[in-house]
Structure formats: structure tokens, C-alpha cells
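Enquirer: Right, I'll just put the structure down here and ask away after.
The values are calculated or read from the model by the stated rules, or taken from the named source; none is laboratory data. The structure displayed is predicted, hence computed values, not measured ones. FYI the Cβ positions are ideal-geometry reconstructions off the backbone, even for glycines, and counts take in every protein chain you see. All accessible areas refer to the heavy atoms of the entire protein, side chains included, with ligands and DNA or RNA removed. Shrake-Rupley method; radii C 1.70, N 1.55, O 1.52, S 1.80 Å.
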There are 2 protein chains.
Amino acid sequence: MGDQRAKDGKNTASDARTKPDATMSGADAMSSHVVTSADVAHAAGVSRSTVSRCMAGDPRISEATRERVQSIAAELGYHVNKIASSMNRRKSDLIGLVTSGLSDPFRIEFLDCLIGEIQQSGYRPLVIDVSDPAQMGRSMLNLLQYQVAGVVVTSGSPSPEIGTHYLRRNVPVVLVNRAGRLEGADVINCDNVLGGQLAADYFLAAGKKRLAFLNVRGGTYSGNVRGESFVSRLAPHLASGQISFRTLVCDSADYDGGFAAGLKYLVERENAPDAVFCAKDHIALGLLDAARFELGLKVPDDVSVIGFDDIVAARQGAYQLTTVRQSPQSLARMTVDRLHRRIGGESLGDERLILPVDLVVRKTA
Amino acid sequence: MGDQRAKDGKNTASDARTKPDATMSGADAMSSHVVTSADVAHAAGVSRSTVSRCMAGDPRISEATRERVQSIAAELGYHVNKIASSMNRRKSDLIGLVTSGLSDPFRIEFLDCLIGEIQQSGYRPLVIDVSDPAQMGRSMLNLLQYQVAGVVVTSGSPSPEIGTHYLRRNVPVVLVNRAGRLEGADVINCDNVLGGQLAADYFLAAGKKRLAFLNVRGGTYSGNVRGESFVSRLAPHLASGQISFRTLVCDSADYDGGFAAGLKYLVERENAPDAVFCAKDHIALGLLDAARFELGLKVPDDVSVIGFDDIVAARQGAYQLTTVRQSPQSLARMTVDRLHRRIGGESLGDERLILPVDLVVRKTA
DNA sequence: TCGTTGAATGCACACGTGTGCACAACGAAT
DNA sequence: ATTCGTTGTGCACACGTGTGCATTCAACGA
């Protein structure tokens with residue numbers, strides 16, 4: 001209440017005078033006052049420094065006092081003020097999570113794992129949504145205001161200029177399944193190239209003739225790489241004229257988009273593709289439903305479908321989607337591992353890390 | 001670098017001496033130094049206070065200086081240090097989001113809206129995952145360490161003891177679709193009672209005879225209320241023996257759980273229910289697939305299904321689920337509205353708010 | 001010319017913590 | 001007994017901001 005202007009130096013010998021309101025020094029009498037380290041120090045008869053060191057587990061503190069101080073702290077209900085701590089150390093234990101909405105199923109699964117990993121490492125996720133790509137720069141700068149210890153970008157591509165800001169402040173950045181190569185940042189991708197090849201090989205082995213790749217209009221980075229790898233694996237057979245290939249486009253990057261695309265492209269019985277590789281699982285699911293229920297096609301006989309990601313819905317009884325699997329757990333684990341090491345001061349060159357994928361054969365191809 | 005111990009008071013008349021490294025006062029020469037309000041003040045020839053007031057838009061500052069300071073701030077790349085600010089004001093602009101994993105589809109949609117609303121109100125969401133209910137208390141206390149401005153609980157039930165901690169610190173709490181009534185906290189629910197009644201009425205009007213309610217093992221608060229309301233609406237007809245009712249239980253709260261339950265309960269042709277009201281949409285979807293594809297039942301003729309929530313998947317072509325709709329947007333909007341007003345100092349009694357629901361009739365009932 | 005008023009800005013704190021350095025206590029070795 | 005090393009604590013800063021209060025300054029009326 002009163003401006004307790006008791007600076008550290010005063011409680012050397014004259015203890016009673018430093019606390020003007022010594023009357024209410026009973027356990028938790030003053031109920032509307034948040035207990036600080038000074039309170040604990042006072043109660044334990046030690047200095048604030050000692051309290052601080054006890055809470056941090058400084059080995060220079062004798063075990064006896066540590067125990068005593070900690071028990072008193074618990075009794076008083078003291079919790080370190082992380083804001084003050086962050087201010088002092090010029091670094092918080094927050095990790096920025098840049099994403100855009102919670103609609104992409106795989107991204108949700110990844111975020112789920114990521115949040116778990118972050119928490120388990122003693123950090124806290126600070127989510128920031130950039131639905132408008134133009135706000136990307138502002139948002140990432142804004143994140144810096146919170147003294148974040150690191151940032152994970154799962155959507156959008158930060159400009160190089162942003163990168164230098166982060167570099168200057170020594171705040172590590174990890175781009176996950178993103179295009180941009182950012183100076184001083186790690187870029188982690190699943191093996192999109194291998195994924196495309198696996199799909200191509202499988203279709204070829206199955207004797208499919210009219211192959212297609214279904215991408216989102218505009219195309220995402222990951223989608224483009226998958227498609228290019230797919231078609232380049234097809235190249236030899238294309239040259240010899242044994243098979244045909246075309247690229248299909250759907251208007252929205254979700255189930256409905258895939259559904260609409262299915263109605264549009266699979267309707268013509270003769271020229272329609274008999275094998276479709278989809279850039280993302282949930283698009284594949286839409287396509288699948290259109291084929292099976294709207295057009296009455298047999299899957300995989302009339303048309304084969306392979307997706308990408310292996311989201312949970314792909315495993316469900318109704319779909320049993322054949323797909324290229326990437327592991328959100330591995331992705332998340334590697335992400336925070338890199339962050340953790342960089343935060344710890346380890347200096348790693350900016351690398352481009354690639355995680356394995358494999359083809360999970362179910363019932364749609 | 002050197003301990004610039006230039007306190008405020010010193011730069012009254014002797015300006016040059018306060019900055020020991022006056023040599024590199026060119027725009028942004030010293031690259032590894034984060035620019036503070038003091039730098040801006042120095043560059044603009046005003047005091048730190050003025051800079052602070054300019055950034056905050058204090059009306060007492062003349063428009064001329066405000067513009068000048070702001071342009072200089074922009075030029076120098078100055079951004080307010082929110083940690084320091086939070087420390088001073090003893091309140092951050094973070095809002096804690098207590099959840100458990102990202103698996104429940106409706107909760108994801110709600111969080112999506114919620115994050116948007118929070119951001120739009122100038123706050124930032126700090127996510128915290130409590131998969132282990134035993135960690136609930138510790139987690140919510142931990143949140144307090146970040147000086148959060150408010151908290152939204154979407155999973156688990158905080159103990160009254162936690163409530164008093166928040167009450168003491170004047171940090172508002174909103175429980176969404178939760179059971180517990182917490183002192184000083186708002187509780188927002190959708191109209192579970194009406195939802196159950198709507199489902200019951202619809203089944204009765206359709207002439208269904210063997211009704212059932214599919215709940216999760218153990219039962220969530222919302223689920224229980226929905227089921228109880230459903231069966232109590234059925235009571236008169238049950239008494240007259242025209243219909244029968246039973247409660248079904250599935251082992252996991254997801255699609256697979258519903259699928260398994262479908263296989264288990266719908267297999268017996270005669271006694272199997274001909275109308276099932278499900279506690280949650282994604283369970284309903286599992287049940288639906290089991291009925292249609294595994295057991296070859298006709299929906300809604302052989303068995304009618306009504307879900308709850310109206311998640312996006314329910315609207316998809318493959319399902320067309322009839323369900324009780326609640327609006328994640330409204331829920332989110334009301335949540336941050338309450339938070340916002342409470343943070344602003346408005347003192348509202350702890351209320352129990354109920355949002356409307358309605359029945360969306362599609363093709364499964 | 002002087003006092004008064006209002007507007008604009010500067011001063012001096014306070015917020016709660018971490019940490020380098022100094023210092024005290026104390027046992028051991030000479 | 002004196003010196004030295006070791007172990008445990010305390011002191012005094014610094015982190016970057018917001019804000020009550022004092023102060024300055026110009027304008028204005030008497």
C-alpha cells in the first residue's frame with residue numbers, strides 16, 4: 001500500500017523498520033497483496049538474492065536454507081513473476097507460433113504436437129494468427145515486443161528484412177513446411193520429393209494410364225514440389241506415350257474444394273483420370289466422396305486416389321485413404337529441438353532439414 | 001555497451017555527456033542494440049515521458065511533437081517493450097487459453113474463432129494445455145505468473161481455491177461449456193437442454209420407436225445434460241409404453257469410438273435402436289459410417305442419427321448430418337466481450353449465460 | 001507590468017526480478 | 001596466531017516502461 005521505499009540496503013541490522021506495516025505480518029493477513037520475493041526474504045530472514053537463487057536452484061546455496069526458503073515460499077504462496085524475470089533477463093520463455101487459422105487438418109495435428117513439445121521443454125506457446133499475409137511483417141515484429149525466446153512459422157513467408165531483425169536480436173526462427181530460406185533460420189520440411197515419387201511409382205506399378213495431380217489454385221510451396229516431383233518421375237513413361245498426365249486445380253483448399261473438383265474432372269467417363277495424386281489429404285477426401293457417392297465410381301478400380309499427410313480422417317473407416325505419411329510428432333520434436341539448441345547458444349549454420357515420408361497403402365489405391 | 005548509467009535526471013542541460021558513445025549517433029550505426037524509448041527521446045530532443053505518452057496517444061501531448069516523435073520512432077525502428085510495459089502496469093495483454101489438446105473438432109472451431117476475437121481486441125492468446133486434469137491447478141496458477149489479463153477455460157474444471165486466487169488478483173475467468181460454477185467467473189454454455197428437447201421432438205414426430213442416446217464413457221458435463229434433457233422429454237411417451245429408450249456408451253470420444261459403438265449396438269436387427277441422438281458430432285459420424293458401410297443399414301430409414309455441434313465435417317457431402325447447431329462465433333464473441341468488460345473494470349455479477357441452438361435437418365434424420 | 005490560467009513537458013519514482021562482486025565466517029595449513 | 005581457500009549471503013545495481021506531480025512557458029486580462 002504505502003510506498004514501501006525500503007531498498008535492499010536498509011535491512012542490514014534494522015529489520016523492524018523496513019516494514020512499516022509490521023503489524024499485519026501474520027501469514028497471509030493482507031489479502032489483496034501479491035507476494036513477492038521480498039516478502040519471502042523477509043519471512044525467512046534472508047536477502048532477496050538468496051530467495052532468487054533458491055528458486056532458480058543455484059548450487060551455491062546451502063541445502064538447509066534452500067529447503068527452508070522453499071517451504072516458506074510455498075507456505076506464502078509465492079510464485080516467481082515471469083514478467084519481471086523476463087524483463088531482467090531480456091528474454092521470456094514464450095515461443096511465438098505464427099499460423100493462419102485452424103482449418104488445415106494436418107497443421108492442427110502438428111500444432112497439437114508442437115504445443116505439447118513446447119510445454120514439455122518449459123516454454124509457453126504464444127499464438128499469433130496471420131490470416132492476412134500483408135500483416136505478416138507487422139505480426140512478427142510485434143512478436144518481438146514480447147521478448148519471445150523463439151518463433152515457429154507454420155504459415156506465410158517472412159521477408160528477409162524480418163529475418164535480419166530476428167538475427168540482430170539473436171531470436172531463433174524455424175520455418176516449417178515453408179518455402180522461404182531465411183538467413184539464420186532453420187527450415188524443416190518433409191520429403192515432398194520422395195512423396196511425389198512414391199505416388200508415381202505406385203500408380204505406375206498398378207498399371208494406371210491417365211494420371212493426374214490435384215493442386216490448390218495458386219499452389220502452395222509444398223504442393224508445387226509434390227506435383228513437380230510426381231510428374232518428373234512420370235517423365236520417361238510420358239515420353240513413350242504409354243500414359244497421359246494432367247494437372248487439376250481446385251478452388252478452395254478444403255474438403256469442399258476437393259469435392260467440387262471431383263464432380264468437375266471425374267464426370268467424363270472416358271477421358272477422366274484413373275489415378276489422382278492430391279496435394280493434401282482433406283482435398284483427397286472430398287474428391288473421394290464425389291467419386292464414390294455422387295458419380296458412383298468404384299475406388300480404386302475406376303479411379304485411384306492417393307493423398308498426402310495421413311491426417312486422422314484418412315485412417316477412418318469411411319475413407320481408408322492411401323496416402324503419403326509425414327509425422328507431425330517428428331516434425332514438432334525436431335522443431336523444438338532446433339529452437340532449444342539455438343536458444344541455448346549453440347551456433348548451427350542455417351540448414352534445410354528434411355524428414356522422411358512413406359506410403360501408407362490402404363483402400364483407395 | 002558500457003553501463004550507461006544515465007538516469008533520467010541528468011540530461012537537463014548537459015546532453016552530450018549522457019551518451020558516452022556519442023560518436024556513433026548516426027541513424028542505426030550500433031546494430032546490436034535494441035532501441036528503447038530513451039533512444040527515441042534522445043533523438044527527438046524530448047524526455048522519455050513524452051515519448052511514452054506519444055506512443056500511448058496521450059491527448060495532453062501537442063500534435064506537432066506527437067507527429068515528430070512518432071516519425072522518429074518509426075525511423076529508428078522503435079517498438080514498445082511489452083514486457084517492461086506489463087511489468088510496470090502489473091498487467092499484460094495476454095489472455096490465457098486453457099485447453100486440452102486439439103482433437104475435439106468443435107473445440108478447434110471455437111478456438112479458431114476465439115483466437116481471432118482475442119487478437120482483434122488487441123490481446124494475445126497464451127495457450128496452455130492441460131491433458132492431465134491433475135495439473136489443472138498448477139497450470140492456472142502458472143498462468144498467473146504471466147500477469148494475464150484474463151483466462152478462458154475450455155477444458156477441465158478449476159477448483160474453487162483457484163477461483164479465489166484469480167478473484168484476489170482481479171483477473172477475470174470465463175468457463176466455456178463447463179460444469180463448475182466458479183465464484184466471480186462467467187460461465188457460458190450453449191442451450192444443451194433445448195438441444196436435447198429438439199432431438200427428442202424430431203424423433204417422436206418421425207415416428208421412431210426405439211430411441212437411444214450415445215454418450216462418452218464417464219460422460220462429460222455437456223453430454224450428460226443433453227442426454228438428461230432428451231430422455232426427460234421422452235418421459236410421457238415412455239410411460240405409455242409406446243416407445244423404448246436406452247443409453248449407449250462409447251469408449252473413446254472420437255470418430256473411432258462412435259464407429260465401434262455403431263458396430264456394437266446396431267448389429268442386432270430387431271432390438272437395435274432406430275434413432276440415435278449422439279452427444280457429439282464426430283461420434284455421430286463414426287456411428288453413421290458403421291451403420292451405412294459396415295452394416296449396410298439405410299439412413300435414416302433403418303436408423304436415424306442426430307448429432308450435436310454442427311461441426312464442418314457434418315456439412316460435408318459424405319455425411320449431411322442432421323444435428324443441433326451451436327455457433328462457435330457467438331460463443332467466442334460473447335467470451336471476449338465478457339472478458340473485455342471485466343478487464344475494463346465493469347463489475348458484473350457472476351452469471352450463467354446461455355446461447356441459443358437450433359436443429360439443422362439434413363439427411364440422417 | 002504583473003498575476004493568472006492553461007497547456008505542454010520533464011522529473012523522479014516504482015514495478016519485481018537476476019547477478020557480478022564483495023564480504024563474512026570458518027576450517028585448515030603453516 | 002596468521003594466512004589462505006572455500007562456502008554461503010548480501011549489496012547494489014540494471015532491465016524499460018508508465019505516471020503523479022512539479023515545472024516551464026506563452027498567452028491573456030487587469
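Enquirer: Tell me, please, whether a residue that is open to solvent by 10 Å² or more (accessible area, probe 1.4 Å) and in contact (Cβ under 8 Å) with a residue 60 or more places away in the chain can be found in the range B:233-240. Break it down into steps so the answer makes sense when it comes.
Expert: As a first pass, look at the range B:233-240 and keep what is open to solvent by 10 Å² or more (accessible area, probe 1.4 Å): B:233, B:235-240.
If we keep only those that are in contact (Cβ under 8 Å) with a residue 60 or more places away in the chain too, we end up with none.
There is no residue in the range B:233-240 that is open to solvent by 10 Å² or more (accessible area, probe 1.4 Å) and in contact (Cβ under 8 Å) with a residue 60 or more places away in the chain.
Enquirer: Can you report the number of residues in the range B:135-162 which are open to solvent by 10 Å² or more (accessible area, probe 1.4 Å), of a type in the set (Gly, Ala, Ser) and more than 19 Å from B:Thr220 (Cβ to Cβ)?
Expert: 2
Enquirer: A further question follows. For the condition open to solvent by less than 60 Å² (accessible area, probe 1.4 Å) and either more than 10 Å from chain A (Cβ to nearest Cβ) or more than 16 Å from DNA strand C (Cβ to nearest atom) (or both), what is the one hit in B:Gly45, B:Gly57?
Expert: B:Gly57
Enquirer: (1) at pLDDT 95 or above; (2) away from DNA strand C (no atom under 16 Å from the Cβ); (3) in contact with a helix residue (DSSP H, G or I) (Cβ under 8 Å, 6 or more places away or on another chain): which one isn't true of B:Gln119, the others all being true?
Expert: Every condition holds for B:Gln119 apart from (3).
Enquirer: Okay, moving on. So, in the range A:60-84, exactly how many residues are within 12 Å of DNA strand D (Cβ to nearest atom), more than 14 Å from every other protein chain (Cβ to nearest Cβ) and in contact (Cβ under 8 Å) with a residue 24 or more places away in the chain?
Expert: Residues meeting the conditions: 2.
Enquirer: Okay, moving on. Just the residues that are surrounded by 19 or more Cβ atoms within 10 Å (Cβ to Cβ) and either touching a Gly at 6+ places or on another chain (Cβ under 7 Å) or within 12 Å of another protein chain (Cβ to nearest Cβ) (or both), please, taken from the range B:282-310.
Expert: B:His282, B:Ile283, B:Ala284, B:Leu285, B:Gly286, B:Leu287, B:Leu288, B:Asp289, B:Ala290, B:Ala291, B:Arg292, B:Phe308 - these are the residues of the range B:282-310 that are surrounded by 19 or more Cβ atoms within 10 Å (Cβ to Cβ) and either touching a Gly at 6+ places or on another chain (Cβ under 7 Å) or within 12 Å of another protein chain (Cβ to nearest Cβ) (or both).
Enquirer: Which of (1) in contact with a helix residue (DSSP H, G or I) (Cβ under 7 Å, 6 or more places away or on another chain); (2) within 27 Å of B:Lys280 (Cβ to Cβ); (3) among the charged types (D, E, K, R) is the odd one out, the single condition B:Asp112 does not satisfy?
Expert: For B:Asp112, the exception is condition (1).
Enquirer: Of everything in the range A:243-281 that's in a loop (DSSP other than H, G, I, E, B) and among the hydrophobic types (A, V, I, L, M, F, W, C), which residue is farthest from the other protein chains (Cβ to nearest Cβ)? Please lay out each step first, then the result.
Expert: Kept after step one, since they are in a loop (DSSP other than H, G, I, E, B), are these residues of the range A:243-281: A:243, A:251-254, A:266-274, A:279-280.
Narrowing the set further to residues that are among the hydrophobic types (A, V, I, L, M, F, W, C) leaves A:243, A:253, A:266-267, A:272, A:279.
On the way: A:Ile243: 30, A:Ala253: 13, A:Leu266: 14, A:Val267: 15, A:Ala272: 19, A:Ala279: 19 Å.
Among those residues, the one meeting the criterion is A:Ile243.
Enquirer: Mind listing whichever residues of the range B:121-134 are more than 10 Å from chain A (Cβ to nearest Cβ) and surrounded by fewer than 19 Cβ atoms within 10 Å (Cβ to Cβ)?
Expert: B:Ser121, B:Gly122, B:Asp132, B:Pro133, B:Ala134
Enquirer: Residue check, B:Leu214 against (1) of a type outside the set (Phe, Trp, Tyr); (2) in a strand (DSSP E or B); (3) within 14 Å of chain A (Cβ to nearest Cβ), all met but one. Which one?
Expert: Here B:Leu214 clears every test but (3).
Enquirer: Among (1) open to solvent by 40 Å² or more (accessible area, probe 1.4 Å); (2) in a strand (DSSP E or B); (3) touching a residue at least 60 places away in the same chain (Cβ under 8 Å), there is one condition B:Glu183 misses while meeting the rest; what is its number?
Expert: The failed condition is (2).
Enquirer: Now a separate question. Any residue at all in the range A:163-170 that is outside the structural domain of A:Asp274 (by TED's automatic domain parsing), open to solvent by less than 10 Å² (accessible area, probe 1.4 Å) and of a type outside the set (Lys, Arg)?
Expert: yes
Enquirer: Please work out which residue is nearest to A:Ala314 (Cα to Cα), limiting yourself to the range A:85-115 and to residues that are facing chain B (nearest Cβ under 7 Å) and open to solvent by less than 30 Å² (accessible area, probe 1.4 Å).
Expert: It comes out as A:Ile108.
Enquirer: Take the residues of the range A:311-335 that are within 14 Å of chain B (Cβ to nearest Cβ) and among the hydrophobic types (A, V, I, L, M, F, W, C): which is nearest to A:Val357 (Cα to Cα)?
Expert: Per the stated criteria, the residue is A:Ile311.
Enquirer: Going residue by residue through the range B:82-104, is there one that turns out to be assigned to a loop (DSSP other than H, G, I, E, B), of a type in the set (Val, Ile, Thr) and within 19 Å of B:Val35 (Cβ to Cβ)?
Expert: Going through the range B:82-104, the residues assigned to a loop (DSSP other than H, G, I, E, B) turn out to be B:90-93, B:100-104.
Cutting the leftovers down to of a type in the set (Val, Ile, Thr) gives us none.
Within the range B:82-104 (the criterion being assigned to a loop (DSSP other than H, G, I, E, B), of a type in the set (Val, Ile, Thr) and within 19 Å of B:Val35 (Cβ to Cβ)), the answer is no, since none of the residues qualifies.
Enquirer: Same structure, new question: Just give me the residues in the range A:241-272 being hydrophobic (A, V, I, L, M, F, W, C), within 30 Å of the chain's Cα centre (by Cα) and open to solvent by 50 Å² or more (accessible area, probe 1.4 Å), in sequence order.
Expert: A:Ala253, A:Ala260
Enquirer: Within the range B:321-353, track down each residue that is open to solvent by 30 Å² or more (accessible area, probe 1.4 Å) and touching a Ser or Thr at 6+ places or on another chain (Cβ under 8 Å).
Expert: Passing the criteria: only B:His340.
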